[in-house]
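The values are calculated or read from the model by the stated rules, or taken from the named source; none is laboratory data. Being a predicted model, the structure only gives us computed values, none of them experimental. For neighbour counting, all protein chains shown are included, and Cβ atoms are generated from backbone atoms with ideal geometry for every residue, glycine included. Only protein heavy atoms, including side chains, enter the accessible area calculation; ligands, DNA and RNA are left aside. Shrake-Rupley method; radii C 1.70, N 1.55, O 1.52, S 1.80 Å.
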Amino acid sequence: LIDLLIAHAAELVTCRTGPRGAIGPGLAQLEVIADGAVAIDRGRIVEVGPTRQLARRHHARRVLQVRGRLVSPGLVDPHSHLIFAGTRHEEWEDRVLGRAIPPGRLTGIRYTVARTRRASAAVLRAQALADLDTMLAHGTTTVEVKSGYGLDRDTELRLLRVAASLRHPVCTVLTYLGAHVVPTEYLDRRDAYVDLVIDTMPEARRHAEYCDLCCDPNCFTTDECRRMAKAALALGYRLRVHADQNGPVGAAELAAELGASSADHLDHVSPAGMRAMARRGTVGVLVPGVTHHLMEMTPRPDGRRLLPAQSPFWPRLVRRMIAAGIRLALAADYNPGSSPTQSMQAVMQLAARLYRLGYAETWHMSTINAAWALDRGEDRGSLEAGKRADVVVWTVPEHGMVINRFGVNLVDIVMKDGRVVVERGVPV
Ligand code: NIG
Ligand code: FE
């Protein structure tokens, strides 16, 4: 006798792959079971297969009929800046209209840092919980959460404490991002800020599993990042890197050299960086929300606007990464500046269109490969016996429709560890 049988899915996409995720041509080979079923017991998947077979083999306390609907793994979002205060929608309108931004006005990450430092833990916590509700309602069951809008010891630790205190069905994976950008008050003494990031690491480690470093012309140099990475590794952190977003600085090469779990953004990754990542198994995390929201408006290091011709041609770039053999994942990169969306569903739609990805590729990149980006591919990211029963039932019957349609939520039911946590697209 098992707890639950999900039966008669119009389509069941398992996102099951080889032992390390979907790579190269494997990205395009998606396992789809017609009239599918999932057998679940004590929060774990027991078996996946055609309903005809599973109904014969399992007696379930409860049967959930999902006729006419698609069933998939819960979406995994391996990059978010969940904990922040304020909004930057006004700055975005200035950029969209090409208005000059008055010199001296705080913009970008530093604006959000100023707002976040003033916010109470209670306010940050309430907003984060509301955002997690939105993520869950759109199908995300695991999300990575970074600090990084404190940029001083006390605020960074406060953000991590807030993140660690969140009790919510969405599973959170915590990352210390003191190395987000050099804060205003340290602009003329960068080394002192790098020291501060390192000094905060031991205490931040109490909450954070990962340490993230922004290695980018706008943020930290490869030498600065290498120094911080060595300190983090000595404390038992695993690494993630914001890599080569605004220019080719060798961040992907560094991420591979250091054994980072992922290198994210990668708009200006070099051919050598691609080869190094493929060799080392570093997951490449792409953030199409940023591509869509900023495109040619990404500020250059010198503050001027990036000309369209200097933007990468993403479809070709992403094809090269796939051909190189990099494990690729997608993330929402939820933050108030470059990607203000909580929805991985929206991100899947943008990825397919802006990077010219197929449906199978897009599904693997949002589930199993995203789980590998968080070193959790053995435990979640696909519908397979032994894994957590993190399952989404969609309002549409076919997996391509989730990506082809846009702008509305197509989630019906979400299950986390075998428990129904969203019904009719609303958290229960
Ligand atoms: O897109 N280097 C960091 N870039 C962040 C931006 C966050 C923000 O604009 O607030 C990112 O991941
Ligand atoms: Fe980010």
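Numbers for the structure displayed
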| quantity | calculated |
| --- | --- |
| Euclidean distance between Cα centres, segment 318-352 to segment 179-194, Å | 29 Å |
| By average C-beta atoms within 10 angstrom, highest first, the peptides 399-409, 207-217, 378-388 | 207-217, 378-388, 399-409 |
| Rounded percent of accessible protein surface that carbon and sulfur make up, segment 217-355, 1.4 Å probe | 55 percent |
| Cα Rg, Dmax (largest Cα-Cα span) when computed across the chain, Å | 21.1, 70 |
| Burial ranking of peptide ranges 325-337, 344-356, 363-375, 183-195 (average Cβ count within 10 Å, highest at the top) | 363-375, 325-337, 344-356, 183-195 |
| Carbon/sulfur fraction of accessible area - segment 75-142, other protein chains in place, 1.4 Å, % | 56 percent |
| Anisotropy class of segment 136-237 from Cα gyration tensor, a/c 1.5 cut | prolate |
| Cα pair distances of segment 245-364 binned at 10 Å [whole percent] | 14, 46, 36, 4 |
| Neighbourhood charge, 11 Å Cβ-Cβ cut-off, centred on His58 and excluding it, Lys, Arg +1 and Asp, Glu -1 | 0 |
| Helical contribution to [θ] at 222 nm, DSSP H n ≥ 4, -39,500 (n - 2.57), averaged over the chain, rounded to 500 | -10500 deg cm²/dmol |
| Inter-label distance, nm, simple model (7 Å from Cα along the C-beta direction), Glu93/Asp375 | 4.4 nm |
| Two-site label geometry, Ala323 and Arg226: point separation in nm, points 7 Å out along Cα→Cβ | 3.1 nm |
| Surrounding net charge for Asp375, when Lys and Arg each add one and Asp and Glu each subtract one, Cβ distance under 13 Å | +2 |
| In order through segment 133-141: 3J(HN,Hα) via Karplus (6.51 cos²θ - 1.76 cosθ + 1.60), integer Hz, x for Gly, Pro | 4, 5, 4, 4, 4, 9, x, 7, 10 |
| Long-range HN-HN contacts of Gly178 with modeled amide H, under 5 Å | Asp212 |
| Pair His59, Val428: separation of 7 Å Cα→Cβ label points (nm) | 2.5 nm |
| Stokes-Einstein diffusion coefficient of segment 66-152, Kirkwood radius over Cα pairs, 4 °C, 1.567 mPa s, in µm²/s | 84 µm²/s |
| Under-5 Å amide H pairs with Thr142, H placed in peptide plane, nonlocal only | Asp77, Cys171 |
| For Phe313, solvent-accessible area (1.4 Å; no DNA, RNA or ligand), Å² | 110 Å² |
| Within straight-line cross-link reach of Lys387, lysines at Cα separation under 17 Å, skipping those fewer than 8 residues along the same chain | Lys416 |
| Accessible area per residue in Å² at 1.4 Å probe, computed on segment 306-422 | 34 Å² |
